[in-house]
Amino acid sequence: MTTRTHSSGFTLIELLVVIAIIGVLAALAVGSLGLARKKGNDAGIISNLINARSQAELFYSSNNNVYVGTLGGSDDVCAVSASVNGSKGIYPFAVAAASAAGASISTSIVSANTANASVVTCHATPTTGSYAPLNAWALEAPLKADRPGYTDPFYCVDSTNVSTTTNGSTLGVGDAKCN
């Protein structure tokens, strides 16, 4: 008579199947985390741009109802050093949006973004000159997550109360309005 001994444990095949299943589940989770991270970055970008609008209005009130006294000066809402009567400009919000977007910043009204997906752009126009519109500002930043219908999504806010997602950069030379 032959006796069989039963050993407890798993066969090699069973272990390999379990490891393969865990690998597939891990791959799915990592893919979802990447999208969640991009959407989180986009929420930060949009929040900073919307908050910039409130700060720009405080600056406007403190700056004799103009967004720009001297282009690039401390009385230019987009300037790095913007500060009038205790009200700061919107540059810190542009920096925060650029950080979330992994982008750099351009605050020069005389240069267009040229649809560069790695540049946050802030344009402000004085009360006189050949800019459009006068006494206005606009701030745009590239978004990270893909959006249906957009090949190069940007979020743009401006002094006319526009907040919109655009397909690529809309701020051209001398332009301070989201198009």
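The values are calculated or read from the model by the stated rules, or taken from the named source; none is laboratory data. Quick caveat: nothing in here was measured; it's all calculated off a predicted structure. Using ideal geometry, Cβ is built from the backbone for each residue, glycine included, and neighbour counts are taken over all protein chains shown.
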> Any idea how many residues of the range 135-171 are over 24 Å from residue 99 (Cβ atoms), in contact (Cβ under 8 Å) with a residue 60 or more places away in the chain and surrounded by fewer than 16 Cβ atoms within 10 Å (Cβ to Cβ)?
Replying inline: 1
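With the requirement that a residue be of a type in the set (Val, Ile, Thr) and assigned to a strand (DSSP E or B), what does the range 27-85 give you?
Narrowing the range 27-85 to residues of a type in the set (Val, Ile, Thr): 30, 45-46, 50, 66, 68, 70, 77, 80, 84.
Once the filter is applied, which keeps residues that are of a type in the set (Val, Ile, Thr) and assigned to a strand (DSSP E or B), the range 27-85 yields 68, 84.
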>> Which numbered condition in (1) at pLDDT below 95; (2) touching a Gly at 6+ places or on another chain (Cβ under 8 Å) is the only one that residue 68 fails?
In response: (2)
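Name the residue, out of 83, 61, 8, 47, that is surrounded by fewer than 18 Cβ atoms within 10 Å (Cβ to Cβ), under 24 Å from residue 141 (Cβ atoms), of a type in the set (Ser, Thr, Tyr) and over 15 Å from the mean Cα position of the chain (by Cα). Step through it out loud before you land on a result.
Values: 61 fails: under 24 Å from residue 141 (Cβ atoms); 8 fails: under 24 Å from residue 141 (Cβ atoms); 47 fails: over 15 Å from the mean Cα position of the chain (by Cα).
Of 83, 61, 8, 47, the one residue that is surrounded by fewer than 18 Cβ atoms within 10 Å (Cβ to Cβ), under 24 Å from residue 141 (Cβ atoms), of a type in the set (Ser, Thr, Tyr) and over 15 Å from the mean Cα position of the chain (by Cα) is 83.
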>> Filter the range 110-129 down to the residues that are under 19 Å from the mean Cα position of the chain (by Cα) and either under 20 Å from residue 160 (Cα atoms) or at pLDDT below 75 (or both) and list them by number.
In response: 112, 113, 114, 115, 116, 117, 120, 121, 122, 123, 124
> List pairs: first in the range 58-77 and β-branched (Val, Ile, Thr), second buried (at least 17 other Cβ atoms within 10 Å of the Cβ) and assigned to a loop (DSSP other than H, G, I, E, B), Cβ under 7 Å, 6+ apart or cross-chain?
Replying inline: 66/135; 68/75; 68/77; 68/126; 77/67; 77/89; 77/90
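Specify the residue that is surrounded by the most Cβ atoms within 10 Å (Cβ to Cβ); the eligible residues are those in the range 64-80 that are more than 29 Å from residue 40 (Cα to Cα) and small (Gly, Ala, Ser).
Taking the range 64-80 as the starting set, the residues that turn out to be more than 29 Å from residue 40 (Cα to Cα) are 64-76.
With small (Gly, Ala, Ser) added as a condition, the list becomes 69, 72-74.
Values: 69: 15, 72: 17, 73: 12, 74: 15.
Once the filter is applied, the top-ranked residue is 72.
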> residue 132: small (Gly, Ala, Ser), more than 18 Å from the chain's Cα centre (by Cα), surrounded by fewer than 17 Cβ atoms within 10 Å (Cβ to Cβ) and at pLDDT below 90, yes or no?
Replying inline: yes
> Only one of (1) modelled with pLDDT of 90 or more; (2) assigned to a strand (DSSP E or B); (3) within 18 Å of residue 41 (Cβ to Cβ) is not met by residue 105, so which one is it?
Replying inline: (1)
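From the set of residues in the range 96-106 that are in contact with a strand residue (DSSP E or B) (Cβ under 7 Å, 6 or more places away or on another chain) and in contact (Cβ under 8 Å) with a residue 24 or more places away in the chain, which is surrounded by the fewest Cβ atoms within 10 Å (Cβ to Cβ)?
By that ranking, first place goes to 103.
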> Among the residues of the range 137-161, how many are among the β-branched types (Val, Ile, Thr) and either touching a His at 6+ places or on another chain (Cβ under 6 Å) or modelled with pLDDT under 95 (or both)?
Replying inline: 2
> Going through the range 117-129 one residue at a time, which ones are surrounded by fewer than 21 Cβ atoms within 10 Å (Cβ to Cβ) and either within 17 Å of residue 169 (Cβ to Cβ) or touching a Gly at 6+ places or on another chain (Cβ under 9 Å) (or both)?
Replying inline: 117, 118, 126, 127, 129
